[in-house]
Amino acid sequence: MGSNAKRIWTPALALMLLAGLACLSVALFMTVGVKGNWGFVLPFRGLKIATMALVGYAIAVSTVLFHTVTANRILTPSIMGFDALFILIQTSIAFFFGAMFLTGLPPGLLFLIQTATMTVFAGLLFNWLFRGGVRELHLMLLSGIIFGLLFRSLSSFFRRVIDPDEFLILQDTLFASFNRANPELLSVAATLVLLVSLAAWRLRNVFDVMALGRETAVNLGVNHRRMVTVTLAMVTVLVSVSTALVGPVTFFGLLVANLAYMLVPSHRHILVLPGAAFLAVTCLVGGQLFLERVLSYGSALSIVIEFAGGIVFIMMIVMRGAR
């Protein structure tokens, strides 16, 4: 951008436009193609929008915070193995108890099992490996990759020996879906996300200092070890809740976070975090609207998101390597 364009394109203007796009996407999703009883359509679509907004917000915020503590914008929280662990949980239940048992579990109980397992796994990993230094943080990320490979290998083994009929039932639960939202689960997930958001809001200025680097943050009086631990705990809760609610969406956070960095010209988290959240809502709601009304459910939204996010990830690696 030129100097005049930079003066015009301010963070406030960017947030207003992104908020407007998010609201427009929601309005179109609620009204386009409505035929019949509005009393049925609006609550039905409203539940889907609430799910997409909550999941998009959780993934966007967790990814930006993860970038803050790792100082690397090509990483996503899924590198810790959350997605692979989610698949392993689903596959293990189907393998040991049967796919019909998995689908017959109360949604609340399954959500609790998945969220608690992923949170406990991350907590044990942090407590075991993280000691506050940069080397330990990198070791933790490497361990997350290794555990992810282990979980995927176990899941692949279970799926190979499982009954083919049960595998067909299981396969449907392994992909992210915004159509199987449960109002009771949504309220529980929203409560957990709200608690994390309140804690993050109080630390918004500290996050700005953390983004300057470990040495600078320590020199400015930030307890770096404690802040990294607290931030990773927030990321763990947000990712665990969103994954348990709809399923794994690996590259979505990477996509919206880096778009937010480009579109919101500021390093302050109080501006970048809402920008990423608005982008997430726009992408999810607008993408779902496009699939339903234009492609007539010709594809799953999660597959499209993974494809686009994967392309962005490859482009970022290539661009970084070319520097």
In Å, the Kirkwood hydrodynamic radius from C-alpha pairs for the range 165-262 sits at 16.0 Å
If the chain between ARG268 and ILE314 were fully extended at 0.36 nm per residue, the gain over the current Cα-Cα distance would be 13.9 nm
Across 5 Å bins beginning at 0, the whole-percent shares of Cα-Cα pair distances in the range 10-56 come to 5, 20, 23, 21, 15, 10, 5, 3, 1
One finds the C-alpha centres of the range 29-72 and the range 271-286 to be spaced, in Å, by 9 Å
Quick shape check on the range 1-116: root eigenvalues a ≥ b ≥ c of the Cα gyration tensor, a/c under 1.5 is rounded, otherwise prolate if a/b tops b/c, else oblate, and it reads oblate
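Which length gain, in nm to one decimal place, applies between ASP165 and ALA19 when the Cα-Cα distance is subtracted from 0.36 nm times their residue separation? If you can, show how the numbers build up before the last one.
Values: separation 146, 0.36 × 146 = 52.56 nm, distance 4.51 nm.
Once the chain is fully extended between ASP165 and ALA19, it gains 48.0 nm.
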For LEU220 and VAL34, extending 7 Å from Cα along the Cα-Cβ vector and measuring point to point gives, in nm, a value of 4.7 nm
Semi-axes (Å, rounded, descending) of the ellipsoid equivalent to the range 75-114 per its C-alpha gyration tensor are 22, 12, 6
What the Cα atoms of the range 191-248 span along the principal axes, largest first and in whole Å, is 41, 20, 15
Rounded to one decimal in nm, the spacing of the 7 Å Cα→Cβ label points at LEU105 and ASN72 is 3.1 nm
Length gained, ALA12-ALA27, 0.36 nm per residue minus C-alpha separation, equals 3.2 nm
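Where a number appears in this text, it was derived from the coordinates with a stated rule and is not lab data. Computed from a predicted structure; not experimentally measured. Positions of Cβ are backbone-derived with ideal geometry, glycine not excepted, and every protein chain shown enters the neighbour counts.
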